[in-house]
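Values quoted throughout were computed directly from the atomic coordinates according to the rules given, and no laboratory measurement underlies them. Small disclaimer: the values here were computed from a predicted structure and weren't measured. Cβ: placed from backbone, ideal geometry, glycine included. Neighbour counts: every protein chain shown.
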Amino acid sequence: MKLHAALARALAGYRVGTMFGLIGDANLFMVHSFVHDHDGHYVGAAHEAGATFMAFGYAERTGKLGVVTVTHGPALTNTLTGLVEAVRARTPMLLIAGDTATRSRTNIQDIAQRDVVLPTGAGFEQARTPDSALDDLALAIRRALVERRPVVFNVPSDFMAADVEYREVPLRLPRAQKAYPDPAAVRRAVDRITASRRPVVLAGRGAIDSRDAVLRLAERIGAPVATTLKARDLFRGEPYTLGIAGSVGDPAAQEVIDSSDLIISFGAGLNAYTTRNGALLAGGRVLAVDNDLETLPELVGDSGAAANALVDALDDRGVASRGFRATIPPLVVEAADRPQTAPGTVDVGAALRLLDDLLPADRTLVSDGGRFMMEGFRHLTVTDPRHFVLPANFGSIGLGMGAAIGAAAADPSRTTVMVSGDGGFMHGGVAEFSTAVREGLDLIVVVCNDGGYGAEHIQFVRRGLDPALSLFAWPDLAEIAEAHGGEGFTVRNQDDLDHLAKVIANRRRPLLIDLRLDVDHIAPMPSNS
């Protein structure tokens, strides 16, 4: 058996159902075998960067390994932003990179691929010989899953045609185990809870599966609940929820959090946005619970096990409820008064609130990066935080379209909504919109179009510089969508907003909704510096 066929068979055996990438000389036989011999699904991207973000979106949406394959040289260097994004998101991915032939010294695409990859923080595994390649592949996958980061599996192109004997190589993954907190640490945590009068319970993405246990603790101590951005809407519908904590949350909710004397955090990274550049950490009032030692938790353990242990210990001591949440008046998030927008534009808050009602409720929501994010976070919701994908861990724009295609491929039964700025869409969305059309995905792209790079526009204005340098006369985005084989609709006024329900209901192909916005009336991005 040729190595390319053996690798395809191994990937199928490891239950890799979908692969994203660009076909080059180094991987075309492997991709062919994966699709035609093993019924694999291959999504061919327009650009290697887009392929990497697709694998990222797939992994984020499913919790499974995202797999992408590219050829050598510039194809690999085009994936570097995606690798950094996945490293910082702690997302398991396997990137199968072809390499130039081992005997070649003149290939124009030759580069020291290990040296390129390692500075991103991704792992690197070399196919040492054709005979060892199946073992090397298994090691690369195991590392990606256990280390929760992307690992590049580097295969010289001349290996692919080598004859090898196929054999199944087990991944030897560690069994999932629930980490139970140390009883002494639980007692110390209960001491802190007992001494508090205004506790707040905060849940991060690591606590999503422990929702009921975390709510049980909050009810037991009389604390309101909040989430990080990545765990957004986890407590939606609960009577004492404060929504998102930190700089992207509602100001009224932040006042309650600021007034607390203890924040019990479960499975949260506590980054600069959540803590408002560390303000919430002042005075040592955070009691962090996590099974990830990198977050330096005070109580190490599974969020659900820790929450239940705390409740049991509180009951044993007979600690009374703090009752803090009963003192908080109902939080009503009202639309802020906004100035009249320029002719030919609509109010972004009103438009997104309308879309939140009109878009399919049980959706996957993907957000690109950019100034518009604040509006999207406030007005577009999900029924489950696992249905929210945010490729913004590296602070880049233009990653949303690839991530949305990966998320949509992961769950074609659910509509995927991707919200982006116009700069982000032009930066990384235009080319891959055609991929969504080609794949027949149920995808709706909402472009918050203020006619330029809004984050830069606000900086020009603040510094007394010429903001026109950040503005662009983009082509008509709805026409671009249609030219790619999709559907497009432009919203410039109330009459257009009134037609949105019909446009969304009658769509048959990937749809782009171009919201024309006033560049001077969009909320600024929060700072994390």
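Dipole of the chain, Cα-centred, from +1 at each Lys and Arg C-beta and -1 at each Asp and Glu C-beta, to the nearest 20 debye? Write down the numbers at each step before the final one.
On the way: 52 positive and 64 negative charges, 279 e Å.
Dipole about the Cα centre, nearest 20: 1340 debye.
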Residue-span extension gain [Ser132 to Glu238] - 0.36 nm each, minus C-alpha spacing: 32.8 nm
Debye intensity ratio I(q)/I(0), log10, region 400-504, q values 0.22 Å⁻¹ (C-alpha model): -1.18
Contour excess over end-to-end distance, with Cα ends at Thr327 and Asp384 and 0.36 nm allotted per residue: 17.7 nm
Among Ala305, Ala203, Val225 - extreme Cα towards positive end, dipole of region 183-327, charges at beta-carbon: Val225
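What does DSSP give for the chain in terms of the percent of beta bridges that are antiparallel, rounded to the nearest 5? Display every interim value, and only then the final one.
Details: 2 of 63 bridges.
Among the beta bridges of the chain, antiparallel pairing accounts for roughly 5 percent.
What list do you get for Val447, Val117 if you sort them by fewest beta carbons within 10 Å? Spell out each step's value before the answer.
Values: Val447 30, Val117 23.
The fewest-first ordering by Cβ neighbours comes to Val117, Val447.
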Among beta bridges that DSSP assigns inside region 391-529, antiparallel share in %, nearest 5: 5
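How long is the gain from Leu281 to Thr194 if the chain were fully straight, where each residue apart is worth 0.36 nm and the alpha carbon distance is subtracted?
29.4 nm
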Paramagnetic label zone (point 7 Å from Cα along Cα-to-C-beta, Glu219; backbone N under 18 Å) in region 287-317: 304-316
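Over the chain, what is the relative contact order in percent, taking alpha-carbon pairs closer than 8 angstrom and at least six residues apart? Before the final figure, lay out each step's value.
Values: 1149 pairs, mean separation 70.8, N = 529.
Worked out over the chain, it gives 13 percent.
With r defined as the distance between the Cβ atoms of Ala161 and Asp292 and R0 fixed at 56 Å, what FRET efficiency is calculated, to the nearest 0.05?
Values: r = 43 Å, r/R0 = 0.77.
Once rounded, the FRET efficiency stands at 0.85.
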Convex hull volume per residue for the chain, taking Cα atoms only, in Å³: 157
Ellipticity estimate at 222 nm from DSSP helix runs (n ≥ 4, -39,500 (n - 2.57)) divided over the chain, nearest 500: -10500 deg cm²/dmol
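To two decimal places, what compactness ratio does region 1-144 give when its Cα radius of gyration is scaled by 2.2 N^0.38 Å? Provide the component values of the computation, followed by the final result.
Details: Rg = 14.0 Å, N = 144, 2.2 N^0.38 = 14.5 Å.
Against the empirical 2.2 N^0.38 Å value, I get 0.96 for region 1-144.
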Within region 219-263, backbone nitrogen closer than 17 Å to the virtual label 7 Å beyond the Cα of Ala320 toward Cβ: 220-223
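With r defined as the distance between the Cβ atoms of Thr102 and Gln177 and R0 fixed at 45 Å, what FRET efficiency is calculated, to the nearest 0.05?
Numbers: r = 41 Å, r/R0 = 0.92.
That gives a FRET efficiency of 0.60.
Exposure proxy check: Arg353, Arg325, Arg105 ranked by fewest other beta carbons within 10 Å?
Values: Arg353 16, Arg325 23, Arg105 7.
Ranked by crowding around the Cβ, least crowded first: Arg105, Arg353, Arg325.
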Nearest-20 debye value, region 32-146 charge dipole, Cβ charges on Lys, Arg, Asp, Glu: 300
Region 3-159, relative contact order in percent, only Cα pairs under 8 angstrom and at least six apart counted: 24
Charge-dipole axis of region 3-159 as Lys and Arg at +1 and Asp and Glu at -1 on Cβ define it, positive-most pick from Gly73, Thr120, Thr91: Thr91
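Find the all-direction average of the projected area of the Cα convex hull for region 183-327, expressing the result in square nanometres with one decimal place.
On the way: hull surface 29.8 nm².
For region 183-327, the mean projected area of the Cα convex hull comes to 7.4 nm².
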Farthest toward positive dipole pole in region 348-516 [+1 Lys/Arg, -1 Asp/Glu at C-beta], among Ala350, Phe388, Pro467: Phe388
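Over region 436-477, calculate the relative contact order: mean separation of alpha carbon pairs under 8 Å at least 6 apart, over the residue count, as a percent. Numbers along the way, then the final one.
Numbers: 24 pairs, mean separation 14.8, N = 42.
The normalised contact order for region 436-477 reaches 35 percent.
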